[in-house]
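Novice: Got a structure for you, written out below as structure tokens; questions coming shortly.
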Amino acid sequence: MDTTSTLQRPTGTPAPPAPVRAPEDPGSPPWTRPALAVLLVATAALYLWGLGASGWANSFYSAAAQAGSESWKAFFFGSSDAANAITVDKTPLSLWPMALSVRLFGLSSWSILVPQAFAGVATVALLHRLVRRTTGSAVAGLLAGTVMALTPVAVLMFRFNNPDAMLVLLLVAASGATLRAVEETTRTTSGHPVRWLALAGALVGLGFLTKMLQAFLVLPAFALVYLVFARTSFGRRIGHLLVAFGSMVLAGGWWIAVVEAWPAAGRPYIGGSQNNSILELTLGYNGFGRLNGNETGSVGGNAAGAGGGQWGATGIGRLFGSEIGGQVAWLIPAALILGGTALWVARRSPRVSAALALWGLTLLSTGLTFSFMAGIFHAYYTVALAPAIAALVGIGGWVLWRDRSSVPARAALVIASAATTLLAFELLGRTPDWHPWLRWLVLVGGVAATALLAGVHRLRARAAAAAATLAVVAGLAGPAAYALQTASTPHTGSIPTAGPTVAGGPGGRPGGGPGGGPGGGPGAMQGPPPGMQQGPPQGGGAGGLLNGSTSTAEINALLAQDSGSYDWAGAAVGSNSASGYQLATGLPVMAIGGFNGSDPSPTLAEFQQYVTDGRIHWFIAGGGPGGGPGGNASGTSAAITSWVEQSFTATTVDGITLYDLSGASR
């Protein structure tokens, strides 16, 4: 027996408090441990399988990752190019792992996309851990992890390089820290809830540095759950929440403070803003403008208005419509039914009640925001709902299954199974030419499972387990099929979607199909990374608002000519138009006007001065929201384009018009 700690403890000093441990469910069978390993390995395979087929994925962020791998200043600010002309229109935390990966392993599709895949596996593992801790049941954790792993939009975003992958991981971790803080207040000896709340606040702050104000959608759930379920005085609860708020401000605000304090002349322009202000970007274009549709500088401007405008109809049914339904809606009714009923059934269990309340409020606050926001909204945003749905299904299903002898619990299981079956039948019916047999198989299996659940209290243990297994398989068959289709399809562009193309859904709108760009199909791909292409393309592509440009060997050679003498090898209107050329050459290409081509940077006078000073070699016309023949640039971008066209001689290379800005103006 080791008595060292006892001998060294001063007389009368109380022993340190024992760690809080979740009660183990005696019903957790021995196979659950290897089952977890299988779940995580299968998740990794699903998220990594054929990853390189998506090329640069979202070349807007890929170019910024490449720039960050070349310049620490570009790394810090999230610049679109290593010469630091303009930043992306987000805070940069999600770019940092990609940029570090590129520094370590070189520029490739894999080095850019693997960090998101790892974030996905970590999210599944963490959610399993949180649900198991709440319930004490490894089976409940496995169910939640499986639901999370197979949610179609989660498969999409954990195989893509938008900021959402990191945001989801951070917010799941913040949810776990909040629940642990509540737990700590229930201890008979002194706990440390403040530490866990401070951690939760810091993680939300990092979420803000990932995708700005979207991270704050979880705050009402966190605050309410702690106020209601923490077992300490009301004054202390308020004090603890203030500490968490301070931690959040510190973790998320330091970067904002540095950028605001940095002289504008010494840093890149803040992309997405109209006044070179990170605060304007935070509160306007990426903030309240997303809610009310008043987004100055966006592709839709102020056109969204009531009803959602070009971003789709708003309302309570938005998440179940043709655009969103197949992405995430499969288990929303089940999550609400199971979670809501379980909250009543488990009302005497503070640990379980707190978890159900937190995940339920998170689902409601985030889901209602997505349903009614009038500004820019894309289907892939709904990946933020996946952890709450998965947790509610896992915890709620476990609570009600244990109480299945009671009428309310059994009724909720039956209704949840029936609702899931009917919704899957409807969602699969929206793609009548895509495995049409599947919806009928799901219907038959779901109806059978529902009937068995209605009489599950009369079944023997093995038969009851078979009924539950059938219900789970029938409920997950639809999203699993969508998940596999998503993983086997290349996705590129700025607006990717999961699953097969749905008539009247994402594939029917510009930029909405599996390829993410106009035309919507897998063929709407950007130029592949080095090593993926069997030979030089037959012609270049100038790109557009939603898709990156495609360079050619001859264009690459022109951009590389004497590139060391210039800050920017080229300039193009719009970030996506610039991105493909930058990724093909590894040289900085200025994105005039930022993502939309509408940011007033650089001004015409500034651009003219850059040319006079010999800092830009080529102007690449076309593509994007403007930028030359066939474009429709406006404002500053249009003025720059017009001046270049009038002042320099055009050269056409592989179908792309370029202007040599180093030559004498005409």
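The values are calculated or read from the model by the stated rules, or taken from the named source; none is laboratory data. What you see is a predicted model; the values in this text were computed from it and never measured. In this analysis, Cβ positions are derived from the backbone assuming ideal geometry, glycine residues included, and neighbour counts consider all displayed protein chains. For the accessible areas, the whole protein counts, side chains as well, though only heavy atoms, and no ligand, DNA or RNA atoms are used. Shrake-Rupley method; radii C 1.70, N 1.55, O 1.52, S 1.80 Å.
Conditions tested, residue by residue: (1) out of contact with any helix residue (DSSP H, G or I) (no Cβ under 8 Å at 6 or more places or on another chain); (2) of a type in the set (Lys, Arg).
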{"site": "Pro30", "(1), (2)": "yes, no"}
{"site": "Ala57", "(1), (2)": "no, no"}
{"site": "Phe60", "(1), (2)": "no, no"}
{"site": "Gln66", "(1), (2)": "no, no"}
{"site": "Ser79", "(1), (2)": "no, no"}
{"site": "Lys90", "(1), (2)": "no, yes"}
{"site": "Ser94", "(1), (2)": "no, no"}
{"site": "Met98", "(1), (2)": "no, no"}
{"site": "Ser101", "(1), (2)": "no, no"}
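Novice: When you scan the range 151-167, how many residues do you find that are out of contact with any helix residue (DSSP H, G or I) (no Cβ under 6 Å at 6 or more places or on another chain) and in a helix (DSSP H, G or I)? If you could, list the steps in order and put the result at the bottom.
Specialist: First pass over the range 151-167, keeping only residues out of contact with any helix residue (DSSP H, G or I) (no Cβ under 6 Å at 6 or more places or on another chain): 160, 162.
Still in the list and also in a helix (DSSP H, G or I): none.
Qualifying residue count for the region: 0.
Novice: While we're here: Within the set of pairs 6+ apart or on separate chains, which have a first residue in the range 639-656 that is free of Cβ contacts under 8 Å to residues at least 60 places away in the same chain, a second that is charged (D, E, K, R) and part of a loop (DSSP other than H, G, I, E, B), and C-beta atoms under 9 Å apart?
Specialist: Listed pairs, sorted by first residue: Gln646/Arg666; Ser647/Arg666; Phe648/Arg666; Thr649/Arg666.
Novice: Being touching a residue at least 24 places away in the same chain (Cβ under 8 Å) and not in a helix (DSSP H, G or I), is that true of even one residue in the range 279-288?
Specialist: There is no residue in the range 279-288 that is touching a residue at least 24 places away in the same chain (Cβ under 8 Å) and not in a helix (DSSP H, G or I).
Novice: Among the residues of the range 584-602, what is the count of those that are over 20 Å from Gly55 (Cα atoms) and aliphatic (A, V, I, L, M)? Walk me through it before giving the result.
Specialist: Step one: of the range 584-602, the residues over 20 Å from Gly55 (Cα atoms) are 590-594, 596-602.
Narrowing the set further to residues that are aliphatic (A, V, I, L, M) leaves 590-592.
The total comes to 3.
Novice: State whether the residues of the range 545-565 include one that is at pLDDT 95 or above, in contact with a Leu (Cβ under 6 Å, 6 or more places away or on another chain) and open to solvent by 30 Å² or more (accessible area, probe 1.4 Å).
Specialist: No; the residues of the range 545-565 include none that is at pLDDT 95 or above, in contact with a Leu (Cβ under 6 Å, 6 or more places away or on another chain) and open to solvent by 30 Å² or more (accessible area, probe 1.4 Å).
Novice: Provide a single number: the residues in the range 595-617 that are touching a residue at least 40 places away in the same chain (Cβ under 8 Å) and open to solvent by less than 50 Å² (accessible area, probe 1.4 Å).
Specialist: Here the count works out to 12.
Novice: Considering each of Leu113, Leu156, Leu104, Leu197 in turn, give the residue that is of a type outside the set (S, T, N, Q), at pLDDT 95 or above and open to solvent by 20 Å² or more (accessible area, probe 1.4 Å). Write out each step before concluding.
Specialist: Numbers: Leu113 fails: open to solvent by 20 Å² or more (accessible area, probe 1.4 Å); Leu156 fails: open to solvent by 20 Å² or more (accessible area, probe 1.4 Å); Leu197 fails: open to solvent by 20 Å² or more (accessible area, probe 1.4 Å).
The unique qualifying residue is Leu104.
Novice: Given the criteria crowded, with 22+ Cβ neighbours inside 10 Å, in contact with a Gly (Cβ under 9 Å, 6 or more places away or on another chain) and either without any contact (Cβ under 8 Å) to a residue 24 or more places away in the chain or assigned to a helix (DSSP H, G or I) (or both), does Gly176 qualify? Give the derivation first.
Specialist: Working: crowded, with 22+ Cβ neighbours inside 10 Å: yes; in contact with a Gly (Cβ under 9 Å, 6 or more places away or on another chain): no; either without any contact (Cβ under 8 Å) to a residue 24 or more places away in the chain or assigned to a helix (DSSP H, G or I) (or both): yes.
It is false that Gly176 is crowded, with 22+ Cβ neighbours inside 10 Å, in contact with a Gly (Cβ under 9 Å, 6 or more places away or on another chain) and either without any contact (Cβ under 8 Å) to a residue 24 or more places away in the chain or assigned to a helix (DSSP H, G or I) (or both).
Novice: Within the bounds of the range 250-265, is there any residue that is within 28 Å of the chain's Cα centre (by Cα), in a loop (DSSP other than H, G, I, E, B) and surrounded by 14 or more Cβ atoms within 10 Å (Cβ to Cβ)? Lay out the reasoning, then the answer.
Specialist: So in the range 250-265, the residues within 28 Å of the chain's Cα centre (by Cα) come out as 250-260.
So of that shortlist, the ones also in a loop (DSSP other than H, G, I, E, B) come out as none.
There is no residue in the range 250-265 that is within 28 Å of the chain's Cα centre (by Cα), in a loop (DSSP other than H, G, I, E, B) and surrounded by 14 or more Cβ atoms within 10 Å (Cβ to Cβ).
Novice: Tell me, yes or no, whether the range 127-145 has at least one residue that is assigned to a helix (DSSP H, G or I), closer than 29 Å to Gly52 by Cβ and open to solvent by 30 Å² or more (accessible area, probe 1.4 Å).
Specialist: Let us first name the residues in the range 127-145 that are assigned to a helix (DSSP H, G or I), namely 127-135, 138-145.
Right, trim to closer than 29 Å to Gly52 by Cβ and you get 127-128, 145.
From what's left, open to solvent by 30 Å² or more (accessible area, probe 1.4 Å): none.
No, there is no match, as no residue in the range 127-145 is assigned to a helix (DSSP H, G or I), closer than 29 Å to Gly52 by Cβ and open to solvent by 30 Å² or more (accessible area, probe 1.4 Å).
Novice: Out of all the residues in the range 461-493, which are under 26 Å from Ala57 (Cβ atoms) and surrounded by fewer than 18 Cβ atoms within 10 Å (Cβ to Cβ)? Explain how you work it out, then say what you get.
Specialist: We begin by selecting, within the range 461-493, every residue under 26 Å from Ala57 (Cβ atoms); these are 478-493.
Across the range 461-493, the qualifying residues are Leu484, Ser488.
Novice: Pairs only if they're at least six apart or on different chains, beta carbon under 9 angstrom, first in the range 400-423 and farther than 13 Å from Gly455 by Cα and open to solvent by 30 Å² or more (accessible area, probe 1.4 Å), second basic (Lys, Arg) and part of a helix (DSSP H, G or I); list them, first residue then second.
Specialist: Final answer for the pair search is Asp403/Arg410.
Novice: Which condition number does Val38 fail, the rest of (1) at pLDDT 95 or above; (2) out of contact with any helix residue (DSSP H, G or I) (no Cβ under 7 Å at 6 or more places or on another chain); (3) among the β-branched types (Val, Ile, Thr); (4) not in a helix (DSSP H, G or I) being met?
Specialist: Condition not satisfied by Val38: (4).
Novice: Right, here's the next one. Here are Leu336, Leu291: which of them is modelled with pLDDT under 95, open to solvent by 20 Å² or more (accessible area, probe 1.4 Å), in contact with a helix residue (DSSP H, G or I) (Cβ under 8 Å, 6 or more places away or on another chain) and part of a helix (DSSP H, G or I)? Quick ask: steps written out before the conclusion?
Specialist: Working: Leu336 fails: modelled with pLDDT under 95.
Answer to the selection: Leu291.
Novice: For the range 351-373, state whether one or more residues are hydroxyl-bearing (Ser, Thr, Tyr), touching a residue at least 40 places away in the same chain (Cβ under 8 Å) and farther than 22 Å from Ile316 by Cβ.
Specialist: Of all residues in the range 351-373, those hydroxyl-bearing (Ser, Thr, Tyr) come to 353, 362, 365-366, 369, 371.
Cutting the leftovers down to touching a residue at least 40 places away in the same chain (Cβ under 8 Å) gives us 353, 362, 365-366, 369, 371.
If we keep only those that are farther than 22 Å from Ile316 by Cβ as well, we get 353.
Among the residues of the range 351-373, at least one is hydroxyl-bearing (Ser, Thr, Tyr), touching a residue at least 40 places away in the same chain (Cβ under 8 Å) and farther than 22 Å from Ile316 by Cβ, which makes the answer yes.
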